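The values are calculated or read from the model by the stated rules, or taken from the named source; none is laboratory data. All values derive from a computational prediction rather than experimental measurement. Quick reminder, even Gly has a Cβ in these numbers, built from the backbone with ideal geometry, and neighbours come from all protein chains shown. With ligands, DNA and RNA removed, areas are computed over all heavy atoms of the protein, side chains included. Shrake-Rupley method; radii C 1.70, N 1.55, O 1.52, S 1.80 Å.
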Amino acid sequence: MVLSATFSVVSAQPKKIFRLEIEELCNVDDLLPAAVEVKGSSQGMAIAGRYAFLMHDKGGCVVLDIKRLKYISYFVLDGNTGHCNNASFGCERLSSKSQFPLLYVTECRGRRTCYVNDVTLDGSRLVQTIYYDGDDIVGPADWFVDAKSRRLWLYCTRDGERMLKEFRLPLLADSDSAGEVHLSQGDVLSEQRLGAIAIPQGSMKHRRRVYLPDGVPSRDRWLHVVDVVSGEKVGQFDINHIPYEPEGVARRGGKLYISFHTPRNPRQNRIYTFRLKRQR
């Protein structure tokens, strides 16, 4: 497989310069057997160990061995017909026999549901649904988990501005008799305003930083990096040289992985790696 050259993009902030090194990892189509029919546009992505779970609109999921660049399986998520715009792994497991921690997948539109799934390499079971019942936000919204701190974040829009709401990550035991958890503004632990982000895509947090791809091919594409403790924007990196729509974002081995959506061909899902380096 031919990899692209490494691109370096510099973002300057007061007293800090960060460099973003970018490399194309793969075109998923090259890894898929010819008989596999993938339905729905490429959306969120979550990585656990060496396995990447690539979400598609209406619940499709391609599983890859991201270390060996090998196809594992394709299935449709149980009980999920949403946009699947974002996905992340938590820390709780359904049982001691569960192969992976619970997977949290964003509906995005509609009721902005967070679908909580017990997943294997060849299927899933819906075990909980999470909702935000506050009436202060508008439009689509995404959920992502910071497993280390056991926090659940809502990436949303209020008063025309992108923002984050932080919640304690619900346990399965917190579900009501319908298997649901309903969160309200009273459950919010903190909020962080993010400033100008034109077209929100995926989202993920590692330590203090949140990584937020933005844009579509007909407009500018960016990767925003925000320190959620200080509120400082670490960088706004121009990724317009990649001619696809950025979608899900995950982290493995010191690198970010971003999934890109290729229009009209769900198999042509491109994955790039990103490494953020501080220059001074």
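The amide H of ARG252, built 1.01 Å from its N in the peptide plane, has TYR257 as neighbours under 5 Å, considering only residues 5 or more places off or on other chains. Reported to the nearest whole Å, the Cα centre-to-centre distance from the range 48-65 to the range 127-188 is 22. Cα extents for the range 128-177 along the principal axes, largest to smallest and rounded to whole angstrom: 35, 28, 13. Taking the charge dipole of the range 20-115 about its Cα centre, with +1 at Lys and Arg Cβ atoms and -1 at Asp and Glu Cβ atoms, the residue from CYS26, GLY82, LEU54 reaching farthest to the positive side is GLY82. Candidates CYS108, SER124, ILE197 compared by Cα position along the dipole of the chain: farthest toward the positive end lies ILE197, with charges placed on Cβ.
Arrange the peptides 186-199, 83-96 so that the one whose residues have, on average, the most other Cβ atoms within 10 Å appears first. Please report the intermediate quantities before stating the final value.
Working: 186-199: 13.9, 83-96: 20.6.
So the order, starting with the most tightly packed, is 83-96, 186-199.
Per residue, the convex hull spanned by the Cα atoms of the range 75-191 measures out at 102 cubic angstrom. Take every Cα pair under 8 Å whose residues are at least 6 apart in sequence, average their separation, divide by the length of the chain, and the relative contact order is 20 percent. For the chain, a Gaussian network of Cα nodes joined below 10 Å ranks PRO266, PRO200, PRO33 by mean-square fluctuation, and the top entry is PRO33.
Applying 1/(1 + (r/R0)^6) with R0 = 30 Å to the Cβ-Cβ distance of ARG207 and ARG50, what FRET efficiency is obtained, to the nearest 0.05?
Numbers: r = 22 Å, r/R0 = 0.73.
Between ARG207 and ARG50 the formula returns 0.85.
Pairs spanning more than 28 Å between alpha-carbon atoms, out of LYS67/LYS148; LYS67/LYS233; LYS39/LYS67: LYS67/LYS233. Packing here is the average count of other Cβ atoms within 10 Å per residue, and on that basis the peptides 64-72, 208-216, 169-177, highest first, run 208-216, 64-72, 169-177. What the chain shows is 44 Å² of accessible area per residue, with the surface traced by a 1.4 Å probe over protein heavy atoms.
Excluding ARG207 itself, what net charge comes from residues whose Cβ is under 13 Å from its Cβ, given Lys and Arg +1 and Asp and Glu -1? List each step's numbers first, then the result.
Working: positive: LYS148, ARG151, LYS205, ARG208, ARG209, ARG251; negative: ASP146, ASP227.
Taking every Cβ under 13 Å from that of ARG207, the sum is +4.
Calculate the dipole size of the chain relative to its Cα centre from +1 charges on Lys and Arg beta carbons and -1 charges on Asp and Glu beta carbons; express the result in debye to the nearest 20. Can you show the working numbers first?
Details: 40 positive and 33 negative charges, 260 e Å.
Here the size comes out at about 1260 debye.
In the context of the full protein assembly, TYR51 retains an accessible surface of approximately 50 Å², using a probe radius of 1.4 Å and ignoring ligands and nucleic acids.
Local charge sum around ASP118 (other residues, Cβ-Cβ under 11 Å, Lys/Arg +1, Asp/Glu -1)? Please report the intermediate quantities before stating the final value.
Working: positive: ARG93, LYS97, ARG125; negative: ASP78, GLU92.
With Lys, Arg at +1 and Asp, Glu at -1, the neighbours total +1.
Report the local net charge at GLY195: Lys and Arg +1, Asp and Glu -1, summed over other residues whose C-beta lies under 12 Å from its C-beta. Let's see the in-between values first.
On the way: positive: ARG162, ARG193, LYS233; negative: GLU161, ASP214, GLU232.
Every neighbour counted, the sum reads 0.
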